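Student: Sending over a structure as structure tokens; questions will come in a sec.
The values are calculated or read from the model by the stated rules, or taken from the named source; none is laboratory data. What you are looking at is a predicted structure, and each value in this text was computed from that prediction instead of being measured. Note that each Cβ is placed from the backbone with ideal geometry, even for glycine, and that neighbours are counted across all protein chains shown.
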Amino acid sequence: MRGHFGRLALVTGGGSGIGKAVCQALTREGAKVIVADKNYEAAKLTASELGPESLALEVDVSSDQSVYKCLNDAIKNYKRSPQIVVNSAGIIRDAYLLKMTETEFDDVYKINLKGTFLITQHFAKSMVEHKISGTIINISSIVAKLNTVGQCNYAASKAGVASLTQVAAKEFGKFNIRVNAILPGYIETPMTENLPEDVKKIVKERCAMKRFGRPEEVADVVAFLASEKSSYINGALIDVSGCLS
Ligand SMILES: NC(=O)c1ccc[n+]([C@@H]2O[C@H](COP(=O)([O-])OP(=O)(O)OC[C@H]3O[C@@H](n4cnc5c(N)ncnc54)[C@H](O)[C@@H]3O)[C@@H](O)[C@H]2O)c1
């Protein structure tokens with residue numbers, strides 16, 4: 001299936017993990033992919049692996065100015081606005097609520113929730129101005145539902161991403177811009193590789209499939225949501241967790 005032939009995509013957090021797998025899946029299906037990441041070296045590496053039609057951009061999704069520059073650089077390079085936008089940039093700063101610092105709370109909120117807001121706002125505005133239909137896919141987390149101990153900042157930020165997704169879907173439907181979110185379970189990426197072994201064991205026990213997911217298993221769902229095969233799916237929150245409870 002080459003369902004994205006010639007379409008332009010921008011993936012935040014494309015330098016690593018799920019975002020990188022999304023870049024690879026969209027490229028495989030024929031899209032030109034802009035890899036946007038705060039870690040510019042990682043973004044360049046992903047882009048070089050994707051091929052000459054790909055571009056790496058440095059962006060800090062928590063900064064309005066940086067996101068605005070990222071949009072302008074994308075348009076300058078490709079002479080058009082991306083019609084597929086994937087919000088995968090994200091961080092964790094786990095701590096029990098009574099011990100969590102203000103910085104740990106703010107950093108997670110700024111990148112995971114405000115970052116998703118800023119990218120969505122700037123890129124959707126550009127789609128509307130250029131009168132193009134589009135699709136935005138946000139990477140929330142199953143933690144938004146499970147509300148895991150030690151993750152009050154992360155859980156609340158990802159629940160916020162889920163709410164923002166559904167509000168945006170209602171507001172943008174009339175512009176033919178669809179907005180959906182994926183709620184991954186535990187996926188094998190740099191974000192989870194340093195989890196303590198006992199935590200990994202508990203996660204696997206609680207997962208019906210008794211294993212972590214692979215980044216490609218999330219990326220394939222993103223590629224589907226970005227394609228015309230999902231043309232009437234809007235405002236959906238899709239668990240990709242192997243049934244984790
Ligand atoms: N790995 C999991 O188990 C899992 C589960 C559920 C949800 N998620 C979510 O999926 C997304 C991707 O996670 P991952 O596992 O691939 O993590 P990762 O750490 O492998 O990749 C995250 C990427 O985001 C980039 N990034 C961080 N801050 C940024 C900023 N301010 N601006 C731009 N880029 C920034 C990093 O440089 C990195 O390349 C995140 O939103 C994460 O919360 C991950």
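Student: Among A162, A168, A155, which is the only one that is small (G, A, S), modelled with pLDDT of 95 or more and more than 14 Å from the ligand (Cβ to nearest atom)? Spell out the reasoning first.
Tutor: Values: A162 fails: more than 14 Å from the ligand (Cβ to nearest atom); A155 fails: more than 14 Å from the ligand (Cβ to nearest atom).
Within the list A162, A168, A155, the selection yields A168.
Student: Also: Among the numbered criteria (1) without any contact (Cβ under 8 Å) to a residue 12 or more places away in the chain; (2) hydrophobic (A, V, I, L, M, F, W, C); (3) within 16 Å of G235 (Cα to Cα), which one does A162 miss?
Tutor: (1)
Student: Just the residues that are without any contact (Cβ under 8 Å) to a residue 60 or more places away in the chain, away from the ligand (no atom under 15 Å from the Cβ) and surrounded by fewer than 16 Cβ atoms within 10 Å (Cβ to Cβ), please, taken from segment 192-235.
Tutor: Selection gives E197, D198, K201, E205, A208, K210, S231, Y232, I233.
Student: Out of all the residues in segment 34-49, which are assigned to a helix (DSSP H, G or I) and either surrounded by 24 or more Cβ atoms within 10 Å (Cβ to Cβ) or within 13 Å of the ligand (Cβ to nearest atom) (or both)? Don't jump to the end; show me each part of the working.
Tutor: Keep residues of segment 34-49 that are assigned to a helix (DSSP H, G or I), which gives 40-49.
Scanning segment 34-49 gives Y40, E41, A42, A43, K44, L45, T46, A47.
Student: Which residue is modelled with the highest pLDDT, if the candidates are limited to segment 1-28 and must be in a loop (DSSP other than H, G, I, E, B), small (G, A, S) and more than 9 Å from the ligand (Cβ to nearest atom)? Give the derivation first.
Tutor: Just the residues of segment 1-28 that are in a loop (DSSP other than H, G, I, E, B), to begin with: 1-7, 13-16.
Right, trim to small (G, A, S) and you get 3, 6, 13-16.
If we keep only those that are more than 9 Å from the ligand (Cβ to nearest atom) as well, we get 3, 6.
On the way: G3: 69, G6: 86.
The residue in question is G6.
Student: Please go through (1) crowded, with 16+ Cβ neighbours inside 10 Å; (2) away from the ligand (no atom under 12 Å from the Cβ); (3) within 30 Å of C207 (Cα to Cα); (4) polar (S, T, N, Q) for T116 and return the number of the only condition it doesn't satisfy.
Tutor: (2)
Student: Consider only pairs whose beta carbons are under 8 Å apart and that are at least six residues apart or on different chains; among these, list those whose first residue lies in segment 9-37 and is under 15 Å from D60 (Cβ atoms) and whose second residue is assigned to a loop (DSSP other than H, G, I, E, B) and more than 9 Å from the ligand (Cβ to nearest atom).
Tutor: L10/P82; V35/S54
Student: Please go through segment 68-94 and pick out each residue that is more than 16 Å from the ligand (Cβ to nearest atom) and touching a helix residue (DSSP H, G or I) at 6+ places or on another chain (Cβ under 6 Å). Quick ask: steps written out before the conclusion?
Tutor: First pass over segment 68-94, keeping only residues more than 16 Å from the ligand (Cβ to nearest atom): 72, 75-81, 83-84.
Of everything in segment 68-94, those that are more than 16 Å from the ligand (Cβ to nearest atom) and touching a helix residue (DSSP H, G or I) at 6+ places or on another chain (Cβ under 6 Å) turn out to be S81, I84.
Student: Just name the residue that is surrounded by the fewest Cβ atoms within 10 Å (Cβ to Cβ) out of those in segment 58-67 that are within 10 Å of the ligand (Cβ to nearest atom) and not small (G, A, S). Give the steps one after another, and end with the answer.
Tutor: First, the residues of segment 58-67 that are within 10 Å of the ligand (Cβ to nearest atom): 58-63, 66-67.
Imposing the further condition that a residue be not small (G, A, S) reduces the set to 58-61, 67.
Values: E58: 17, V59: 29, D60: 20, V61: 26, V67: 24.
So, considering only residues that are within 10 Å of the ligand (Cβ to nearest atom) and not small (G, A, S), the one surrounded by the fewest Cβ atoms within 10 Å (Cβ to Cβ) is E58.
Student: Next question, about the same structure. Taking A31 as the residue in question, decide whether it is away from the ligand (no atom under 15 Å from the Cβ), crowded, with 17+ Cβ neighbours inside 10 Å, among the hydrophobic types (A, V, I, L, M, F, W, C) and more than 24 Å from K110 (Cα to Cα).
Tutor: Details: away from the ligand (no atom under 15 Å from the Cβ): yes; crowded, with 17+ Cβ neighbours inside 10 Å: yes; among the hydrophobic types (A, V, I, L, M, F, W, C): yes; more than 24 Å from K110 (Cα to Cα): yes.
Here the answer is yes, as A31 does meet what is asked.
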